[in-house]
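S.K.: Can you keep this structure in mind? I'll have questions shortly.
The values are calculated or read from the model by the stated rules, or taken from the named source; none is laboratory data. In this text the structure is predicted, and so the values were computed from the model without any measurement. Quick note on the areas: whole protein, heavy atoms, side chains included, nothing else; ligands and nucleic acids left out. Shrake-Rupley method; radii C 1.70, N 1.55, O 1.52, S 1.80 Å.
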Amino acid sequence: MSYRIIEQRLARGEVVLLDGATGTELERRGAVMSDEAWCAPATLTHGHILRAIHDDYIAAGSDLITANTYGSSPYLLDHYGKLDDLAIIDRRAVEIAREAADAAGRDVAVAASFSVMRPAVKGTDLSMDVHWTPARARDICARKADGLAAAGADLIAMEMMRDIDHSLWATEAAVATGLPVFAGISAVRGKDGSLRAYERTEFSYAEVVKALTGLGVAACLVMHSAIEDTADAIAEIKSVWSGPVGAYPESGFFEMPSWRFVDIIPPADFATRADSWRGAGAQFLGGCCGTGPEHIRALAGMLGRRLG
């Protein structure tokens, strides 16, 4: 599927159904997570599981699947001296996703995930106090973006964007490839109740949205955010951005390198929430960490789609 087909669906006011989590679904199905690069090495060691995940999301109704390229963050691989593995992992991840999309029997697009995930404090999802110069950061981000484009992705999904430095530089690199780019921005509640950027709470959520959408992205989505915060985040996006909007929140808890599959929202409840986000103007719907094919199937049912 070319991005033009997605644009046509958006122009008709239709919803584009995303997939659910890839990294946590790999873990749920038995793939070993890495202390350094989370789910990224599983692309090379558990490719058969990864392919099955993509197939299951397509069967559940996804119009767009996401290659397992989130964990292969240029920051992680650079920090651990494995930047030369970046293109190898990303090329194979996009290839596996493309194989699944081509076998779907219908139009399915492939997005390549791009994160600014940095080394985490052991047992948490909080970043270590590790720094890169702007020049080095821009260099490794360009390397990531160019590799994703060369691998054959239909678009680049910037995921867990959270600031106006590293996220900005990464998004600039993605836009420079010429591929359509989604800005997936994560929100948390500040102590005063306002929406702030995930982990980088010195930035308001709207501030990050405004900065990244100003770079020429194709869509802006609230992602990997609490389900309870998603409606307000959509409203904040729409207050500063007039383009396509979407939502794919997370459910559960992360403790590097593993996900705690507790308090995962039931699929039917997830679909009910998503219907309200659709009513608020979201045209992209899906799930992030903790969600699975059963959640996407519930969304497809809510949208009235008939699955084979």
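S.K.: Average projected area of the Cα convex hull of the range 190-300, in nm²?
M.R.: 7.5 nm²
S.K.: Which percentage, to the nearest 5, of the DSSP beta bridges contained in the range 154-247 is antiparallel?
M.R.: 25 percent
S.K.: Rounded to the nearest 500, what is the chain's calculated 222 nm mean residue ellipticity when only DSSP H runs of at least 4 contribute -39500 (n - 2.57) each, over all residues?
M.R.: Calculated from helices alone, the mean residue ellipticity at 222 nm is -13000 deg cm²/dmol.
S.K.: Ratio to report: Rg/Rh of the chain, with Cα atoms as the point set and Rh obtained by the Kirkwood method; give two decimals.
M.R.: 0.92
S.K.: Per 0.36 nm of contour for each residue apart, how much would the distance between H131 and T45 grow if the chain were fully extended, relative to their Cα-Cα spacing?
M.R.: 28.0 nm
S.K.: Return the percentage of antiparallel bridges among DSSP beta bridges fully within the chain, rounded to the nearest 5 %.
M.R.: 25 percent
S.K.: For Cα pairs less than 8 Å apart in space and 6+ apart in sequence, what is the mean separation divided by the residue count of the chain, i.e. the relative contact order in percent?
M.R.: Relative CO of the chain lands at 20 percent.
S.K.: Averaged per residue, what accessible area in Å² does the range 1-68 show with a 1.4 Å probe, protein chains only?
M.R.: With all protein chains present, the range 1-68 gives 36 Å² per residue.
S.K.: Just to be sure I understand the rule: take each whole DSSP H helix in the chain, project its Cα atoms onto its long axis, keep it if the span is 27 Å or more and its mean Kyte-Doolittle hydropathy is at least 0.0. Which ones pass?
M.R.: none
S.K.: If you don't mind, there's one more thing I want to ask. Length gain on complete extension for the stretch E207 to E99, per 0.36 nm per residue less the alpha carbon to alpha carbon distance?
M.R.: Roughly 35.1 nm would be gained on extension.
S.K.: Anyone know which of W241, W38, W277 comes out most mobile in the 10 Å Cα GNM of the chain?
M.R.: W241
S.K.: On to the next question. Mind checking the full-extension length gain between E294 and I5? Use 0.36 nm per residue of separation minus the Cα-Cα distance, one decimal, nm.
M.R.: Extending this stretch completely gives an extra 101.5 nm.
S.K.: Can you grab the distance from the C-alpha centre of the range 1-57 to the C-alpha centre of the range 128-201, Å, no decimals?
M.R.: The distance from the Cα centre of the range 1-57 to that of the range 128-201 comes to 18 Å.
S.K.: Can I ask one more? So with the 1.4 Å probe, I'd like the accessible area per residue for the range 152-308, rounded to whole Å².
M.R.: Here the per-residue accessible area is 37 Å².
S.K.: Could you look at the chain and say what percent of its accessible area is carbon and sulfur, using a 1.4 Å probe and all protein chains?
M.R.: C and S fraction of accessible area: 51 percent.
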